[in-house]
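Quick note: the coordinates plus some simple rules give every number you see, no bench work behind them. As the structure is a computational prediction, the values presented were derived from the model and not from experiment. So basically every Cβ, Gly included, is an ideal-geometry build from the backbone, and we count neighbours across all protein chains shown.
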């Protein structure tokens with residue numbers, strides 16, 4: 001029913017997506033389909049890698065890790081209509097306004113992976129002065145600078 | 001203290017933008033340039049109309065109205081790099097997450113004016129379940145439905 | 001897009017719960033199972049009735065209504081370990097602290113349905129002075145008083 | 001359980017303050033002393049009147065009303081060091097930033113009673129653009145305008 | 001200005017509770033009674049120990065430390081109707097939703113001291129995805145895992 | 001695009017203020033006037049020094065640094081009506097209530113520079129228990145104690 005183009009990353013993830021898409025049209029997706037779809041979305045965002053924050057949750061909170069994968073990544077981020085770039089820009093804007101710095105950093109990294117430019121992310125942060133005031137904007141700017149430095153040190157252009 | 005030029009209609013707005021952009025490169029924009037640029041941005045977003053919430057502020061808070069026009073609309077929303085559509089989607093995402101319902105409604109209306117579809121706005125609202133939880137998402141959805149009904153009654157498609 | 005079974009009344013709800021619980025241990029619950037479980041949880045909380053706020057969302061936001069039913073009510077509120085009373089008290093405490101008044105009212109009503117006493121709810125609200133300050137606590141108290149008056153007028157003891 | 005003295009009018013309030021202050025230095029203030037001190041503070045702020053929001057709470061939440069009087073008004077607002085004007089300006093700044101509109105209105109009214117000028121309150125609201133963004137500042141400005149109109153209609157200068 | 005009795009150990013705490021409760025019915029509790037009741041509540045929650053965060057406040061903020069003891073612990077947490085377990089679960093739910101991580105950790109520790117199980121606390125945290133979104137829930141989960149590790153290292157079962 | 005004059009020291013700052021105020025009454029202030037006014041305000045607050053947080057922003061976010069200087073410091077903090085002391089007390093109250101600890105610390109330092117006493121700042125923090133609850137107040141108290149210690153170590157009285 002839902003076709004999602006450009007799945008690059010692990011073969012298992014692609015396979016799982018085929019399973020999720022390929023069932024008979026009247027069948028309801030099972031929970032394992034939802035988890036597979038969420039895994040695939042996450043690897044699309046995260047350059048084919050597992051997400052360390054998510055994996056660290058599994059020891060004590062396997063059901064929360066499953067909710068992130070099945071619901072947040074699978075049901076929500078896996079939907080059509082918006083492209084991934086727009087969704088990540090929206091997430092960065094919301095997390096910056098709410099002061100959720102570690103999550104803003106993760107999703108700003110996803111945005112860069114998807115081709116959003118550093119200059120575009122800086123503009124999103126600048127909007128935060130209007131949405132939520134200067135302290136939130138300054139902290140979001142500091143978080144973005146941290147991310148830029150980390151990616152420069154890791155050898156990326158940013 | 002500050003004189004604010006009355007600029008009415010899109011023609012004057014376009015003229016103001018030309019003035020704001022067309023000055024000699026080494027001149028600093030004056031405050032009246034900034035206000036003119038903000039006016040122009042606002043009319044671009046609001047289908048050439050004045051913004052009633054903003055105008056109502058002028059009686060008691062002329063300096064706040066000027067800050068909205070000069071800073072928020074002129075300095076921030078008037079910047080290049082991001083297109084207006086992306087900026088409004090970011091604003092809707094942030095205001096939905098923060099629970100700023102009247103402001104989300106205004107900016108969702110701007111987004112529709114700029115060609116963002118109702119379906120795209122619904123997806124932005126859906127993201128709010130992840131960013132800020134279900135109450136914030138449900139209230140944003142209710143706000144968006146109100147906007148859709150108001151625009152239907154005003155004769156628009158939405 | 002998604003077919004949602006119309007489940008009306010407590011008998012069908014109980015049936016759905018049995019279906020959700022009683023499947024073979026190695027089978028993954030399908031999305032329709034999750035929705036059925038969420039429906040059943042909601043009717044347990046809401047004295048066998050449909051929830052008007054939720055139903056009103058379906059026109060414009062069927063996927064959000066499904067997320068509330070399938071994820072929030074089914075996956076989260078439908079879990080074991082905590083009993084329903086404790087879960088509703090936790091929800092009232094959180095919504096009071098966050099200032100989510102309409103949601104606090106709904107969940108305080110669920111709590112009363114489950115046998116939590118008005119006096120207990122008042123004490124939860126009183127805690128809010130410590131958690132989040134006096135304005136949030138006063139608004140939560142006002143919301144609770146509104147709920148008590150509405151239920152008295154509807155003929156209940158509260 | 002707790003008896004609350006009915007104190008009506010400024011004379012009784014002043015008397016209560018003398019009682020609260022004038023006890024022997026080594027005696028601990030009793031709860032009724034604290035309530036009396038809070039009553040006196042409130043009447044000082046509220047032009048000798050009872051506070052309707054507070055009185056409405058007493059039916060269902062007598063212990064919360066006592067906490068407001070004994071703790072918030074008595075222990076906190078009744079302390080020395082800061083003068084009442086400064087304390088109300090701080091309260092208006094904090095409530096504006098937090099979006100607690102009804103409470104901002106009450107305390108802005110107290111500030112006017114104490115001689116803070118409307119122009120000073122407008123400046124405090126303007127600061128909110130920096131502290132918490134433009135939506136919070138605009139709503140605080142709207143709240144302040146409502147208060148000004150109400151007081152004008154009630155025959156005051158503002 | 002205020003003398004605070006040094007109450008050490010559970011025996012003295014129990015004694016203080018008896019004093020606080022056992023006075024003649026028509027006497028108003030004095031401030032020293034309130035502080036003693038708060039001390040006793042705190043030691044009941046904290047396995048008979050003083051609370052380090054609270055003690056560290058005394059140097060610069062003795063009146064805030066007294067407010068925590070006299071008001072928050074004495075007046076609020078010391079009330080009847082709710083049992084201590086329920087009150088701590090409500091506090092954990094509220095602090096998780098608000099993102100008050102250090103306070104969530106302290107009160108989750110109190111809950112464990114009172115016999116609430118780690119599995120129950122995990123479920124309270126899971127509710128946070130609904131109340132306040134996934135970032136708040138993930139941070140609350142991380143905080144709870146930190147607490148579990150600290151208590152394991154301190155030799156407790158959790 | 002925007003040239004920012006390097007203004008070093010109080011003499012130049014005072015000069016800039018004279019320029020900003022002393023222009024012909026019908027001339028609009030240019031952006032460089034606004035930046036100069038903001039610089040001057042900042043140095044008045046910060047004992048004649050540059051603000052390190054602000055300077056660190058310039059590398060990646062020159063337009064945000066300019067907005068802080070031109071808008072927040074120049075347009076907002078540079079206004080008349082309120083004196084600097086009152087404005088800093090309002091900022092400390094708002095930042096304490098919002099939980100913006102680093103910003104509360106900066107502005108509490110400005111307040112001390114302007115002659116607000118440590119005892120007055122402690123009282124502002126104490127108000128936070130009413131505005132926003134005990135966790136926010138406790139964190140604000142901890143932040144203020146950090147500031148006091150840092151200034152003691154730097155050789156100041158506080």
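Normalised size of the range F:38-120, defined as Cα radius of gyration per 2.2 N^0.38 Å with N residues, equals 1.06.
With r defined as the distance between the Cβ atoms of residue E:152 and residue C:150 and R0 fixed at 56 Å, what FRET efficiency is calculated, to the nearest 0.05? Computed FRET efficiency for residue E:152 and residue C:150 comes out at 0.70. Pairwise Cα distances in the range F:33-84 exceed 16 Å in 36 percent of cases.
Residue E:47 label point (Cα plus 7 Å toward Cβ) to equivalent points in the other copies: 4.4, 4.4, 4.5, 5.7, 6.5 nm, shortest first.
Cβ crowding within 10 Å ranks F:92, F:41 as F:41, F:92, fewest other Cβ atoms first. For residue F:146, the point set 7 Å out from Cα toward Cβ sits 1.3, 1.3, 3.7, 3.9, 3.9 nm from its twins in the other copies, listed from shortest up. Neighbour counting of Cβ atoms within 10 Å sorts the residues D:79, C:101, A:149, E:43, fewest neighbours leading, into A:149, D:79, C:101, E:43. Dividing the convex hull volume of the alpha carbon atoms of the range F:79-147 by its residue count gives 76 Å³ per residue. Distance to the E-onto-F rotation axis is smallest for one chain E Cβ; residue and value in angstrom are E:99, 5.
Quick one: D:146, C:120, fewest Cβ neighbours within 10 Å first, how do they rank?
Ranking D:146, C:120 by Cβ neighbours within 10 Å, fewest first, gives D:146, C:120.
Distances between copies of residue A:59, taken at a point 7 Å out from Cα along the Cα→Cβ vector and listed shortest first: 3.4, 3.4, 5.1, 5.4, 6.2 nm.
The mean sequence separation of alpha-carbon pairs under 8 Å and at least six residues apart, normalised by the residue count of the range D:37-158, gives a relative contact order of 22 percent.
Going by the alpha-carbon gyration tensor, a ≥ b ≥ c the square roots of its eigenvalues, is the range F:112-158 rounded (a/c under 1.5) or, if a/c is not under 1.5, prolate (a/b greater than b/c) versus oblate? Oblate, because a/c is 1.5 or more while a/b does not exceed b/c.
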